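Here's the structure, in structure tokens; my notes come after.
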Amino acid sequence: VQLQASGGGLVQPGGSLRLSCAASGRTFSNYGMGWFRQAPGQERKFVATINWSGALTSYADSVKGRFTVSRDNAKNTVYLQMNSLKPEDTAVYYCAQRSGGAYAYGMTQYEYWGQGTQVTVSS
């Protein structure tokens, strides 16, 4: 399985970015997906998760109402739409794929990880 994250960059506070994560190697629609982030000097933390069909999602409190996770199973891709970005959202963002179809919050519940994409929120 390969997960390729993209879409990161430099954005001003209040701006938006959409991250994408393209998956290959097994049937994408069978698996829950998640987004995590890691800021410098900090542990990797949960951001958002989505179940196999896209019908169920969940978010960290810090991003609820600003970020939206979605997926297109026909394109084998999961997305993270990030609005109203804040400097504290600056981090490397990672996508991950579960071994089952449900969503999950914990890093240990994910089987495969992408390489990460840098998001920097700064004026």
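Would you list, by chain and number, the aspartates and glutamates whose Cα falls below 14 Å from the Cα of Lys45, excluding same-chain residues fewer than 8 positions away?
The qualifying aspartates and glutamates are Asp61, Glu88, Asp89.
If packing is taken as the mean number of other Cβ atoms within 10 Å per residue, what is the order of 110-118, 51-59, highest first? Numbers along the way, then the final one.
Values: 110-118: 17.2, 51-59: 14.9.
The peptides rank, most packed first, as 110-118, 51-59.
In a Debye calculation with equal point scatterers on the alpha-carbon sites of the range 44-115 and no solvent, what is log10 I(q)/I(0) at q = 0.23, 0.27 Å⁻¹?
The calculated log intensity ratios at q = 0.23, 0.27 Å⁻¹ are -1.17, -1.54.
With +1 assigned to the C-beta of every Lys and Arg and -1 to the C-beta of every Asp and Glu, and no other charges, what is the dipole magnitude of the chain about the Cα centre in debye, to the nearest 20?
Numbers: 11 positive and 6 negative charges, 29 e Å.
In total the dipole reaches around 140 debye.
Quick one: with all protein chains in place, what share of the accessible area of the chain is carbon or sulfur, to the nearest percent (1.4 Å probe)?
Numbers: 2740 of 6000 Å².
Looking at the chain in its full context, I get 46 percent from C and S.
Please calculate how many Å² of accessible area the chain carries per residue, with a 1.4 Å probe and no DNA, RNA or ligand atoms counted.
Working: 6000 Å² over 123 residues.
In whole numbers, the chain has 49 Å² accessible per residue.
Could you work out the relative contact order of the chain? I mean the mean sequence separation of Cα pairs under 8 Å and 6+ apart, divided by the number of residues, in percent.
Details: 324 pairs, mean separation 45.1, N = 123.
The normalised contact order for the chain reaches 37 percent.
Got a sec to turn the phi values of the range 110-123 into Karplus ³J(HN,Hα) couplings, 6.51 cos²θ - 1.76 cosθ + 1.60 with θ = phi - 60°, whole Hz, x for Gly and Pro?
Rounded to whole hertz, the list is 10, 9, 10, 10, x, 8, x, 9, 7, 10, 10, 10, 7, 8.
Rounded if a/c is under 1.5, else prolate if a/b beats b/c, else oblate: with a ≥ b ≥ c from the C-alpha gyration tensor eigenvalues square-rooted, which is the range 12-59?
Cα axes put the range 12-59 in the prolate bin.
Note down the net charge around Ala39, summing +1 for each Lys or Arg and -1 for each Asp or Glu among other residues with Cβ under 15 Å from its Cβ.
Working: positive: Arg37, Arg44, Lys45, Lys86; negative: Glu43, Glu88, Asp89.
Within the 15 Å Cβ shell, the charges total +1.
Take the Cβ-Cβ distance between Ser122 and Ala39 as r, set R0 to 22 Å, and report the resulting FRET efficiency rounded to the nearest 0.05.
0.95
Report the equivalent ellipsoid semi-axes for the range 1-99 in whole Å, largest first, defined as the square roots of five times the eigenvalues of the gyration tensor built from alpha carbon atoms.
On the way: eigenvalues 99, 36, 32 Å².
Largest first, the range 1-99 gives 22, 13, 13 Å.
Give me the net charge for the shell around Thr108: Cβ to Cβ below 15 angstrom, other residues only, Lys and Arg +1, Asp and Glu -1.
On the way: positive: Arg44, Lys45, Arg98; negative: Glu43, Glu111.
It works out to a net charge of +1.
The values are calculated or read from the model by the stated rules, or taken from the named source; none is laboratory data. The model shown is predicted, which means the values in this text are computed figures rather than measured ones. Using ideal geometry, Cβ is built from the backbone for each residue, glycine included, and neighbour counts are taken over all protein chains shown. The area values use the complete protein model at the heavy-atom level, side chains included, leaving out ligands, DNA and RNA. Shrake-Rupley method; radii C 1.70, N 1.55, O 1.52, S 1.80 Å.
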